[in-house]
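Below: one structure, written as structure tokens.
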Amino acid sequence: MSGAERILQSLRREPGQTCSGEELSKALGVTRAQVWKHVESLRGRGYEIEGAAGGGYRLAAVPDRLFPEELLQEPQTRWLGHTIHHLETTDSTNRVAGELAREGAPHGTAVVAEHQSAGRGRLGRSFFSPAHQNLYVSLVLRPELSISEAPPLILGAALAVGRCVAERLGGPERVSIKWPNDVLVDERKISGILMEMSAEATRVGHLVLGIGVNLNVPPESFPEEFRTRATSLAATLGEKTDRVDFTRRLFFTLEAVLDEHAAGGFEALRADFEGFYRMRGREIEVADLDGGVRVGRAGGICADGTLELHRPDGSLERIVAGDVTLRPGGVS
Ligand code: BTN
């Protein structure tokens, strides 16, 4: 932990109270001048630290930034997000995490950005990523899985996001998961997930699990083409969500989901996933990765995470990967 982080930790220990410079310098084993330097560096990062008469300091406000020192407060997850790379801006956190993974970054490494200039979505789409409003995070994972066992992890990530969104909304009723990777509120997309895999023969080498959640972006900021299809927590609740708090909750929830998956596969998550799965019986279109489109009625989710599609000719197909469009209308 850096000197500035230790100062922050001491100031947080006494919320609203003033810590004397003398105490801080003794506790940290540094000079008063060094304490002042660290306080100045924290101020430069947006922390409001008031100076009191006699040389004391009080933490008055923390910046709305996903800094590691904010995300890594106690209590902590067991393994997820212990190494955090925070970027003010980048093209895509998935690209950065992929590079770190190839350089050997450990399981659970997180890359968080305040802004993405080329946020990636599935099927070559882009992900709208305005600055300081939402969550854009990519995790490096090194699960012990064969290639065919990996796709359900994207469903697990959607489940974790769904739980956190539902918690914020006070219940799951308005939240649904559009198989495999979109989390919706009132049928509008609030989160997208992009998993990119690197294989070693038949095993997963590493995965990059990229998650974007629209937290505080106002609805009028969405580009015209998304405006009727996208939403945010702010648009739904009419108030801001604490981004640090949401991210920390997501890390805990995702860690628990990934641990459950490691122990019991997707089958261990299936019942909870189905709690958010409201597509059953809906008319859907599935675009496969080669551009072909199949229509039918959505069935259940199988033990391996594949989607059942009832075709108009009465046959049943299992969809392994694809992009689903819900046709208008409720469940029939
Ligand atoms: C989709 O909706 O098709 C998936 C969107 C995934 C967006 C996230 S934001 C963090 C991470 N970095 C990216 O470039 N993409 C993912």
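The values are calculated or read from the model by the stated rules, or taken from the named source; none is laboratory data. A quick note: this is a predicted structure, and the numbers were derived from the prediction, not measured. Cβ coordinates were reconstructed from backbone atoms using ideal geometry, including for glycine residues, and neighbour counts include every protein chain displayed. Heads up: the accessible areas ignore ligands, DNA and RNA and are worked out on the full protein's heavy atoms, side chains in. Shrake-Rupley method; radii C 1.70, N 1.55, O 1.52, S 1.80 Å.
For the range 125-155, the set of residues classified as within 20 Å of Phe251 (Cβ to Cβ), more than 14 Å from the ligand (Cβ to nearest atom) and open to solvent by 40 Å² or more (accessible area, probe 1.4 Å) consists of His132, Arg142, listed by residue number. Within the range 44-60, the set of residues being at pLDDT 90 or above, surrounded by fewer than 13 Cβ atoms within 10 Å (Cβ to Cβ) and not hydrophobic (A, V, I, L, M, F, W, C) comprises Gly44, Gly46, Glu48, Glu50.
For (1) of a type in the set (Val, Ile, Thr); (2) in contact (Cβ under 8 Å) with a residue 40 or more places away in the chain, each residue gets a yes or a no:
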position: Ala27; (1), (2): no, no
position: Arg58; (1), (2): no, yes
position: Glu74; (1), (2): no, no
position: Trp79; (1), (2): no, yes
position: Thr93; (1), (2): yes, yes
position: Leu100; (1), (2): no, yes
position: Phe127; (1), (2): no, yes
position: Ala131; (1), (2): no, yes
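Residues that are out of contact with any Asp or Glu (no Cβ under 7 Å at 6 or more places or on another chain) and not in a loop (DSSP other than H, G, I, E, B) were ranked within the range 299-323; the one that is surrounded by the most Cβ atoms within 10 Å (Cβ to Cβ) is Leu307. Can you spot a residue in the range 110-124 that is small (Gly, Ala, Ser), more than 10 Å from the ligand (Cβ to nearest atom) and part of a strand (DSSP E or B)? Yes, the range 110-124 has at least one match. The condition (being outside any loop (DSSP other than H, G, I, E, B) and open to solvent by 60 Å² or more (accessible area, probe 1.4 Å)) is satisfied by just one residue among Glu69, Glu23, Glu74: Glu23. Among residues of the range 10-22 that are closer than 15 Å to Glu74 by Cβ, those with a Cβ under 7 angstrom from a residue that is of a type in the set (Gly, Ala, Ser), sequence gap 6+ or separate chain, pair up as Ser10/Ala27.
Conditions (1) within 19 Å of Ala160 (Cα to Cα); (2) in contact (Cβ under 8 Å) with a residue 12 or more places away in the chain; (3) not hydroxyl-bearing (Ser, Thr, Tyr), marked per residue:
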position: Glu69; (1), (2), (3): no, yes, yes
position: Gly104; (1), (2), (3): no, no, yes
position: Ala110; (1), (2), (3): yes, yes, yes
position: Glu114; (1), (2), (3): no, yes, yes
position: Asn134; (1), (2), (3): yes, yes, yes
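Within the range 187-214, the set of residues being away from the ligand (no atom under 11 Å from the Cβ) and outside any loop (DSSP other than H, G, I, E, B) comprises Arg188, Met197, Ser198, Ala199, Glu200, Arg203, Val204, Gly205, His206, Leu207. Per this entry, Leu269 is counted among residues that are crowded, with 19+ Cβ neighbours inside 10 Å and modelled with pLDDT of 95 or more. Consider Asp245 carefully, then state whether it is more than 27 Å from Glu144 (Cα to Cα) and assigned by TED's automatic domain parsing to the domain that holds Glu167. When the stated conditions are applied, Asp245 passes them. The residues in the range 81-91 that are within 13 Å of the ligand (Cβ to nearest atom) and either touching a residue at least 60 places away in the same chain (Cβ under 8 Å) or within 23 Å of Ser10 (Cβ to Cβ) (or both) can be counted, and the count is 0. Taking the conditions (1) modelled with pLDDT under 95; (2) on the phi < 0 side of the Ramachandran plot in turn, Ala201 satisfies each one other than (2).
Please determine whether any residue of the range 236-258 is modelled with pLDDT under 95, part of a loop (DSSP other than H, G, I, E, B) and open to solvent by less than 20 Å² (accessible area, probe 1.4 Å). No: the range 236-258 contains no residue that is modelled with pLDDT under 95, part of a loop (DSSP other than H, G, I, E, B) and open to solvent by less than 20 Å² (accessible area, probe 1.4 Å). As a summary of the residue check, Tyr57 satisfies the conditions (1) away from the ligand (no atom under 16 Å from the Cβ); (2) assigned by TED's automatic domain parsing to the domain that holds Glu267 except for the one numbered (2). Only residues that are open to solvent by 10 Å² or more (accessible area, probe 1.4 Å) and either not assigned by TED's automatic domain parsing to the domain that holds Arg248 or not in a loop (DSSP other than H, G, I, E, B) (or both) were counted across the range 95-109, and they come to 5. Just one of (1) within 17 Å of the chain's Cα centre (by Cα); (2) β-branched (Val, Ile, Thr); (3) more than 10 Å from the ligand (Cβ to nearest atom) fails for Val183. It is (3).
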